[in-house]
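Asker: There's a structure below that I have some questions on.
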Amino acid sequence: MKHSDRVLAGMFFFIAALQFVVGLLVSESLSPGYNISENYISDLGIGPSAVIFNGSVFLLGALMLCGIFLLQRAFHNKVFTVFLLLDAVGALGVGIFAENLEPMHSLSAFLIFLFGGVSILYSSRLTKMPFSLISIILGVWSLVASSLFATQQYLGLGVGGMERMIVYPILMWTFVFSGYLCACSERP
């Protein structure tokens, strides 16, 4: 059975997000003294969890690139493709440049934080209700958290907690978008 580019793109996005969530959880458990509130997510890219974390975030970007290629072939939306590409390049960069390799690490994280949220918001123009509303909520959530993070207003969550308020909506959207692509028989 031949799957459409849309369905295959959805599968790549799902696997990308799933393996990253598992890699993140395993990395957190392998890092003695790691605190999700007090530590940056990228602290996992140095030390005993470095191989798993860096490999997982790099794989996130690589699998997203595969999905983006298929998504562009299926729907030919260059703006959405560019936003997603910048997000994926950010993930590749975080996987390559650990947090001690500045300024490349910070630039890569910035790409994820900004274009992850922008991609989500833009997708609301391409999808049907209720998914378009979910995209608006998750996109705004991630971008507001990015703004708070940039101004060091962590709302009692700590630096790691606020980072997760940026990243978790992006991951949630990726899971839901992958299901949307696999289930929706029409163009997003």
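The values are calculated or read from the model by the stated rules, or taken from the named source; none is laboratory data. Just so it is clear, the model here is predicted, and its values are computed rather than measured. Note that each Cβ is placed from the backbone with ideal geometry, even for glycine, and that neighbours are counted across all protein chains shown.
Asker: With respect to V144, determine if the residue is within 13 Å of the chain's Cα centre (by Cα) and part of a helix (DSSP H, G or I).
Answerer: So V144 does not fit the description; no.
Asker: Can you tell which of L85, L71 is touching a helix residue (DSSP H, G or I) at 6+ places or on another chain (Cβ under 7 Å), closer than 19 Å to S142 by Cβ and crowded, with 17+ Cβ neighbours inside 10 Å?
Answerer: L85
Asker: If you don't mind, another one. Could you check I46 against (1) of a type outside the set (S, T, N, Q); (2) free of Cβ contacts under 8 Å to residues at least 24 places away in the same chain; (3) surrounded by fewer than 20 Cβ atoms within 10 Å (Cβ to Cβ) and say which number it fails?
Answerer: So I46 meets the others, but not (2).
Asker: Could you list all residues from segment 135-166 that are under 30 Å from H76 (Cα atoms) and surrounded by fewer than 20 Cβ atoms within 10 Å (Cβ to Cβ)?
Answerer: Of everything in segment 135-166, those that are under 30 Å from H76 (Cα atoms) and surrounded by fewer than 20 Cβ atoms within 10 Å (Cβ to Cβ) turn out to be I136, I137, V140, W141, L143, V144.
Asker: Determine whether segment 94-110 contains at least one residue that is in contact with a Leu (Cβ under 7 Å, 6 or more places away or on another chain) and either at pLDDT 95 or above or part of a helix (DSSP H, G or I) (or both).
Answerer: no
Asker: If I go through segment 123-141 residue by residue, how many of them are aromatic (F, W, Y) and either closer than 23 Å to G93 by Cα or more than 16 Å from the chain's Cα centre (by Cα) (or both)?
Answerer: 1
Asker: Which one of these does I36 not meet: (1) within 24 Å of F75 (Cβ to Cβ); (2) assigned to a loop (DSSP other than H, G, I, E, B)?
Answerer: If we test I36 against (1) within 24 Å of F75 (Cβ to Cβ); (2) assigned to a loop (DSSP other than H, G, I, E, B), just (1) comes out false.
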